[in-house]
Number of protein chains: 2
Amino acid sequence: MADPNEVDQNENPVPETKVLAIASHVVYGYVGNTMATFCMQSLGLDVSAINTVNFSNHTGYKQWKGTKTPPEQIAELYDGLTQSRLLDFDVLLSGYIPSAEALGEVVKVARDLKLKRETMNPGSFFWVLDPVMGDQGRLYVSEELVKGYKSAISGGMEGPDLVVPNGFELELISGVHLAGVSEEDGGELERKPTGDDYEARLEKVREAIEVLHQRDSVRMVVVTSVRVHGKQSEGVLCVVGSERKSDGSSRCFVVEVPVLDCYFSGTGDMFAGLMVARLREECSQAGTLGKHGWGSDDVVSATDLPLAKATVKVLSSMSAVLEKTMEARNAEMEKYEKSNTRASVNPQDAEKERQEEVDEQNHFLARTKAAEVRAVRNARDLIHPKVRFDARGL
Amino acid sequence: MADPNEVDQNENPVPETKVLAIASHVVYGYVGNTMATFCMQSLGLDVSAINTVNFSNHTGYKQWKGTKTPPEQIAELYDGLTQSRLLDFDVLLSGYIPSAEALGEVVKVARDLKLKRETMNPGSFFWVLDPVMGDQGRLYVSEELVKGYKSAISGGMEGPDLVVPNGFELELISGVHLAGVSEEDGGELERKPTGDDYEARLEKVREAIEVLHQRDSVRMVVVTSVRVHGKQSEGVLCVVGSERKSDGSSRCFVVEVPVLDCYFSGTGDMFAGLMVARLREECSQAGTLGKHGWGSDDVVSATDLPLAKATVKVLSSMSAVLEKTMEARNAEMEKYEKSNTRASVNPQDAEKERQEEVDEQNHFLARTKAAEVRAVRNARDLIHPKVRFDARGL
């Protein structure tokens, strides 16, 4: 059998990898599988996508059309793969799932793949779970689904190998209250706490991660966005990760990235997709593919973890693409403003009001569209990121 | 407004392009939108995909699970795009469509986009139609759908700008009988005709293309596979294209590519996806974007057409990727044979027969999987093909 850590030096940094990706599909724009699939493919991964919804556009537009995939169709597609012996996946990436029933089917898929692949051949299968439930204090799925995620994550050996929640989702699954991410705090930390506050808050994040390590036996965790306001007035976004040591304790690293003044949809999916590729690359270089859960020895320090190195690369790619997206967005909106001057005729008040509403709605839609992440156009930044950040131990 | 022919020299050979792609989705492997979307994205195009089916795998496996998208859901997704003002497409690529009703919805989409984009701004919208109906003499859609395609193609200004049938489909839509592609000829030409036969057969293809130019006013046609056996004993595949002159006559070019000894699924979708990108690139360089139907002047010779140059690049990419796929397939099957030696126990005859059937089926599935086109792993050949062929005038 080929060494799973072997890399095709001339072509791709990531060893051959087959991914089953279960998440949403949108026709226009980049979120869910539409984002994650391209990110993984651009790094040479073969991606098989089961789409949990088929929507015209992402929900940030506040209106969309299309359908949710019934849970039994998820099961049926997996049956189709099974009957044609198409289960040679190295990774399962599960993202947005619309209901507790659908999650039930995804968990069955994950367990079946673990059983078939991992039992015979340790390290041959890895499940990355993005528990998409909400953001900035707002839950956008059912309580039933939250329970489902908690149960899936506590699956131990049958559970996910890496979980990538945002700060709000970390709070939901760990049960640890993190100042600044729950609803009553308005979804983000107050401005400019003292340096001590900053460290104390990261300490809370570590505590929550340790709950997942110890209570749920989750090996790897990366919290993709903990918004804190430290010394820099513009604010930073902290990304905190850890790989469990054999005694269940954490070894946390943190990477700080500047906050851009724009809301982008699909960044969680971008993070997860790129992470699959980069973690596979880093574990291949560290020689840990083929070990259960691609695990590093206890002696490896937090910042030397493949997970930490992968996180730095992923964030470097994202930051470059998002900056370029913001530039393109600004140019697009400037053009929009010029070509959409409001009518200067003197309409009746009621008509005027109606026209203002239409203008406002069109402006909102144009802004949302302009902020669609320019992932495809900037694939080079996905493939060859200039490293911009570093990880420090916590 | 930005010049549509302007190219971002540092990054992408193809100017910014938004494509609406309506075709099939499979979870595992590369056909339909799963193939075409990646091909276009790898060349920097933004692709919005409406999936006409959601199947576990392509039909070459002879078994699959999943669902066809009901025609009204295609309409609903397009309504969703319309209500959120997400119709800024430069190209529509339509591929596999499962029913005449679904084709009806796609034609409505095409007409609406032509009306909204093309009427105001000539050259701003282009429809590439792949009339997926069958191959090598075998029809795999309803007669109703064949009628639907004929009607769609004869739409004149409202019809497709480029049609990319294979030889069999060309026969169906033109009504011209081409020796060697219809059912009674067994789906391919006899071996080694004389040189005259070869030219006479290409002449028939030209006749059929001229029917589309004159009767249906289709501006551009590329016939993606006319299998002929010329001087080379291993056989060649002829790709014949033409752009209509203003008097309705053809200017045909032909590119000959060697036939590989392996059946690949999804090559038609690969051709169509790459063609969208390369035609846009070549028309941009020739300065014909912004002209109705991206048309070239009558003085441009067949081999100087953007369509001819694009075809050469597309076929060079495909040939490189398919060769590498065949190598990888052979290696995979060698491994398969080694690890799947038949049981040497002496079973009862009935049991033995059953076991042989299972072995045979598993071998068939393994062969089919091994021939899945390695598009993602060889993206470099899509982006930077070494030109291997040339076009000659017919």
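So here's what we get for this one:
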item: Top-ranked residue of region B:107-128 - restricted to ones that are within 14 Å of chain A (Cβ to nearest Cβ) and open to solvent by less than 10 Å² (accessible area, probe 1.4 Å), ranked as farthest from A:Val53 (Cα to Cα); result: B:Leu113
item: Hey, A:Gly44 open to solvent by less than 30 Å² (accessible area, probe 1.4 Å) and at the interface with chain B (Cβ under 8 Å from one of its Cβ atoms) or not; result: yes
item: From the options A:Ala49, A:Ala36, residue that is more than 7 Å from chain B (Cβ to nearest Cβ), small (Gly, Ala, Ser) and buried (at least 23 other Cβ atoms within 10 Å of the Cβ); result: A:Ala36
item: Single residue of region B:52-61 satisfying the filter (surrounded by fewer than 24 Cβ atoms within 10 Å (Cβ to Cβ) and assigned to a strand (DSSP E or B)) that is farthest from the other protein chains (Cβ to nearest Cβ); result: B:Val53
item: Tally of residues being at pLDDT 50 or above, more than 11 Å from chain B (Cβ to nearest Cβ) and over 27 Å from A:Lys114 (Cα atoms) across region A:1-19; result: 0
item: Set B:Arg374, B:Arg388: member being assigned to a loop (DSSP other than H, G, I, E, B), away from chain A (no Cβ under 14 Å), open to solvent by 30 Å² or more (accessible area, probe 1.4 Å) and in contact with a Ser or Thr (Cβ under 8 Å, 6 or more places away or on another chain); result: B:Arg388
item: Failed item, numbered, when B:Ile22 is tested on (1) touching a residue at least 40 places away in the same chain (Cβ under 8 Å); (2) more than 12 Å from chain A (Cβ to nearest Cβ); (3) of a type in the set (A, V, I, L, M, F, W, C); result: (2)
item: Test: residue in region B:87-106 that is within 13 Å of chain A (Cβ to nearest Cβ) and open to solvent by 10 Å² or more (accessible area, probe 1.4 Å); result: yes
item: Inter-residue pairs, beta-carbon under 7 Å, first over 10 Å from A:Val132 (Cα atoms) and touching a residue at least 40 places away in the same chain (Cβ under 8 Å) and in region A:164-177, second part of a helix (DSSP H, G or I) and among the hydroxyl-bearing types (Ser, Thr, Tyr), 6+ apart; result: A:Ile173/A:Tyr149
item: Meets criteria (within 10 Å of chain B (Cβ to nearest Cβ) and crowded, with 19+ Cβ neighbours inside 10 Å) for A:Thr69; result: yes
item: Residues that are outside any helix (DSSP H, G or I) and within 21 Å of A:Lys150 (Cα to Cα), drawn from region A:92-123; result: A:Leu92, A:Leu93, A:Ser94, A:Gly95, A:Tyr96, A:Ile97, A:Pro98, A:Ser99
item: Conditions (1) over 25 Å from A:Val26 (Cα atoms); (2) over 23 Å from the mean Cα position of the chain (by Cα); (3) in a helix (DSSP H, G or I); number of the one not met by A:Thr341; result: (3)
item: Among the residues listed as B:Asp381, B:Asp359, the single one being more than 29 Å from the chain's Cα centre (by Cα) and either within 11 Å of chain A (Cβ to nearest Cβ) or open to solvent by less than 90 Å² (accessible area, probe 1.4 Å) (or both); result: B:Asp359
item: Residues located in region A:126-138, provided they are modelled with pLDDT of 95 or more and farther than 15 Å from A:Val223 by Cβ; result: A:Phe126, A:Trp127
item: Number of the condition not met by A:Leu178 [criteria: (1) crowded, with 19+ Cβ neighbours inside 10 Å; (2) among the hydrophobic types (A, V, I, L, M, F, W, C); (3) at pLDDT below 95; (4) in a helix (DSSP H, G or I)]; result: (4)
item: Residue in region B:298-307 that is open to solvent by 80 Å² or more (accessible area, probe 1.4 Å), more than 16 Å from A:Glu16 (Cβ to Cβ) and either touching a strand residue (DSSP E or B) at 6+ places or on another chain (Cβ under 6 Å) or not in a loop (DSSP other than H, G, I, E, B) (or both) present; result: yes
item: Criterion violated by A:Gly29 - all others in (1) at the interface with another protein chain (Cβ under 9 Å from one of its Cβ atoms); (2) closer than 30 Å to B:Leu87 by Cβ; (3) assigned to a helix (DSSP H, G or I) satisfied; result: (3)
item: Candidate set: region A:280-297, residues that are under 19 Å from A:Met120 (Cβ atoms) and assigned to a helix (DSSP H, G or I); chosen: the one modelled with the lowest pLDDT; result: A:His292
item: Output for region A:77-86, where each listed residue is assigned to a loop (DSSP other than H, G, I, E, B), without any contact (Cβ under 8 Å) to a residue 12 or more places away in the chain and either among the hydrophobic types (A, V, I, L, M, F, W, C) or open to solvent by less than 10 Å² (accessible area, probe 1.4 Å) (or both); result: A:Ser84
item: Failed item in (1) closer than 21 Å to A:Thr267 by Cβ; (2) at the interface with another protein chain (Cβ under 9 Å from one of its Cβ atoms); (3) out of contact with any Gly (no Cβ under 8 Å at 6 or more places or on another chain); (4) open to solvent by 30 Å² or more (accessible area, probe 1.4 Å), with A:Trp64 passing the rest; result: (3)
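Okay, residues lined up against (1) charged (D, E, K, R); (2) crowded, with 17+ Cβ neighbours inside 10 Å; (3) in a helix (DSSP H, G or I); (4) modelled with pLDDT of 80 or more:
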| residue | (1), (2), (3), (4) |
| --- | --- |
| B:Glu190 | yes, no, no, no |
| B:Pro193 | no, yes, no, no |
| B:Glu199 | yes, no, yes, yes |
| B:Leu202 | no, yes, yes, yes |
| B:Glu207 | yes, no, yes, yes |
| B:Glu210 | yes, yes, yes, yes |
| B:Val218 | no, yes, no, yes |
| B:Val223 | no, yes, no, yes |
| B:Val226 | no, yes, no, yes |
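The values are calculated or read from the model by the stated rules, or taken from the named source; none is laboratory data. Values in this document were obtained by computation on a predicted structure and should not be read as measured data. All Cβ positions, glycine included, derive from the backbone under ideal geometry; neighbour counts span all protein chains shown. Each accessible area value is taken on the protein alone, full model and side chains, heavy atoms only, with ligands, DNA and RNA left out. Shrake-Rupley method; radii C 1.70, N 1.55, O 1.52, S 1.80 Å.
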